[in-house]
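J.: Quick one: the structure is below, and I'll ask about it shortly.
The values are calculated or read from the model by the stated rules, or taken from the named source; none is laboratory data. None of the values given here were measured: they were computed from a predicted structure. Cβ placement follows ideal geometry from the backbone for every residue including glycine, while neighbour counts extend to all protein chains displayed.
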Amino acid sequence: MDQAMQELNQKIDLLTAQVQFLTGQAQIAERQRQERAELMRDVMPIVNDAYRLTVDQLEEVEQYVDLGDLLRLLKRLLHNGRNIEQMLDQMESLMGLAETIGPLTDAVFAKAVDTLAEFEHKGYFTFARNSLQLMDGVVAAFDEGAPAHVSLLALLRQMQDPDVRRGLALTVRVLRAVGAHVGDGVTG
């Protein structure tokens, strides 16, 4: 009888282990069911809001859109899927190129700004503005017409005009700068 009791205890232990396993599985299943129910409670208001928003937006464009138009558009998108994918690949390549070139263009722009600032500091822009005004004056003087015969005495009288003196002084300075720049390379 001792042997029968031992077999019975083993069977009871085996059944107990199986019941514990099944109980654990049932608890896991219940937790998962509760989590799904909680998720549904949380998600349903969002889904309802999205649905209402979609309906509202579709009502706004209802007069402009026909279901046939949407189907044709969908067919075209599906038909041109490879073209769209190639276009997206090219756009990604362009974005990569822009990321690569960006620092270079920044450096070029900074160099251009520095060069322009240097030109401004040296007076190139002021010189250009003044040169344009000077050219306007020269053109206006030619429009007045030059006298046919100018005597040496008339030229000497014009030398007393302060504008003529400034013009001659400026011309001499320009000629001096040109001569210094050319240096000894010119023979005469």
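J.: With the requirement that a residue be among the hydrophobic types (A, V, I, L, M, F, W, C) and surrounded by 10 or more Cβ atoms within 10 Å (Cβ to Cβ), what does the range 56-84 give you?
T.: Once the filter is applied, which keeps residues that are among the hydrophobic types (A, V, I, L, M, F, W, C) and surrounded by 10 or more Cβ atoms within 10 Å (Cβ to Cβ), the range 56-84 yields Leu58, Val65, Leu70, Leu71, Leu73, Leu74, Leu77, Ile84.
J.: Under 7 Å by Cβ, and 6 or more places apart or on different chains, what pairs join a residue from the range 169-188 that is part of a helix (DSSP H, G or I) with one that is modelled with pLDDT of 85 or more and surrounded by 10 or more Cβ atoms within 10 Å (Cβ to Cβ)?
T.: The qualifying pairs do not exist here.
J.: Looking at this structure, is Ala117 of a type in the set (A, V, I, L, M) and more than 38 Å from the chain's Cα centre (by Cα)?
T.: No: the conditions fail for Ala117.
J.: Are there any pairs, at least 6 apart or on different chains, whose C-beta atoms fall under 8 Å, with the first in the range 124-145 and without any contact (Cβ under 8 Å) to a residue 40 or more places away in the chain and the second surrounded by 12 or more Cβ atoms within 10 Å (Cβ to Cβ) and in a helix (DSSP H, G or I), and if so, which?
T.: Phe125/Phe119
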